[in-house]
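The values are calculated or read from the model by the stated rules, or taken from the named source; none is laboratory data. Predicted model, so just to flag it, every value in this text is computed and none were measured. FYI the Cβ positions are ideal-geometry reconstructions off the backbone, even for glycines, and counts take in every protein chain you see. Ligands, DNA and RNA are excluded from the accessible area calculation, which covers all protein heavy atoms including side chains. Shrake-Rupley method; radii C 1.70, N 1.55, O 1.52, S 1.80 Å.
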Amino acid sequence: MANKEPIKPQIVATKTVARTRLFRIETVDLCFANGVETRYERLRSGRHGAVLIVPLLDRETVLLIREYAVGTERYELALPKGRVETGETLFAAANRELMEEVGYGASRLTYLTSLTVAPGYIEHTTHIIVAEKLYEERRPGDEPEEIGVMPWRLAELPALLAREDCTEARSIAALFMVKEKLSL
């Protein structure tokens, strides 16, 4: 028996209740197909989303960054990432962020997939880009301090996950997807 596609609720009204430099908070009034009306809140980000880059120094080694994360109030190990600027392609954004945060550019960029973090209330897409054939090139970025770069062997992902400073879910998912793709 095939599952029937549910009917999407009708958006009755949306209202912006707060706005920051990066985000907008909205209330969304919905009417479901069964007649139930309710209000949700959602966090909206820029239209273009973000890129998260998996920079491969070689088939076995990825370059991680150590950067202060204000949400957790500590330094985190993660993959380089940043938002896609207006007029930028995903690959241009990925290479720019890679040069700004890691000090490398990539001769080969490959789209892997797109992820959301909490689609129930956050409208934000992160595009995963694999960067290979790296070459040294540093560009100035918007970071308030120099970002640390740490090579990590993909075969040692369990040890990375055992660390208290590696909790960023998008990075963890991307690392496992790349490891699987490379069959390491």
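Okay, helix-only estimate at 222 nm for the chain: each DSSP H run of n ≥ 4 adds -39500 (n - 2.57), divide by all residues, round to 500 deg cm²/dmol; what do you get?
-5000 deg cm²/dmol
For the range 44-144, give the percent of accessible area contributed by carbon and sulfur heavy atoms, probe 1.4 Å, rounded to a whole number.
Answer for the range 44-144: carbon and sulfur cover 51 percent of the accessible area.
What number comes out for the charge environment of LEU43, summing +1 per Lys or Arg and -1 per Asp or Glu over other residues with Cβ under 10 Å away? Before the final figure, lay out each step's value.
Details: positive: ARG24, ARG42, ARG44; negative: GLU26, GLU41, GLU123.
With Lys, Arg at +1 and Asp, Glu at -1, the neighbours total 0.
What figure, in Å² to the nearest 10, do you get for the accessible area of SER45 with a 1.4 Å probe and non-protein molecules left out?
Near enough 20 Å² of accessible area.
Mind checking the angle between helix 169-182 and the chain's longest principal axis? C-alpha axes, 0 to 90 degrees, to the nearest 10.
Approximately 60 degrees, to the nearest 10.
Put +1 on the Cβ of every Lys and Arg and -1 on every Asp and Glu Cβ in the range 1-141; which of LEU98, ILE122, VAL54 then has its Cα farthest towards the positive end of the dipole?
It is ILE122.
With every protein chain kept in place and ligands, DNA and RNA left out, what is the accessible area per residue of the range 18-138? Probe 1.4 Å, answer in Å².
The answer is 55 Å² per residue.
Any chance you could give the angle, 0 to 90 degrees and rounded to 10, that helix 90-101 forms with the longest Cα principal axis of the chain?
Once rounded, the angle reads 50 degrees.
Towards the positive end of the charge dipole of the chain, with charges on Cβ (+1 Lys, Arg; -1 Asp, Glu), say which of VAL28, LEU109, ILE65 has the farthest Cα.
Result: VAL28.
Which percent, to the nearest 5, of DSSP beta bridges fully inside the chain are antiparallel?
Percentage antiparallel, nearest 5: 85.
Please state, to two decimals, what the Cα-based radius of gyration of the chain comes to when divided by 2.2 N^0.38 Å (N = residues).
1.19
Of PRO6, THR38, SER171, which is farthest on the positive side of the dipole of the chain, counting Cα position, with +1 on Lys and Arg Cβ, -1 on Asp and Glu Cβ, and the Cα centre as origin?
Selected residue: PRO6.
Net charge near PRO119, counting Lys/Arg +1 and Asp/Glu -1 over other residues with Cβ under 15 Å of its Cβ?
+1
Give me the net charge of ALA18's neighbourhood, meaning all other residues with Cβ under 13 Å from the Cβ of ALA18; Lys, Arg count +1, Asp, Glu -1.
It works out to a net charge of +4.
So what's the range 62-125 giving for Rg/Rh, alpha carbon basis, Kirkwood Rh from the mean inverse pair distance?
0.98
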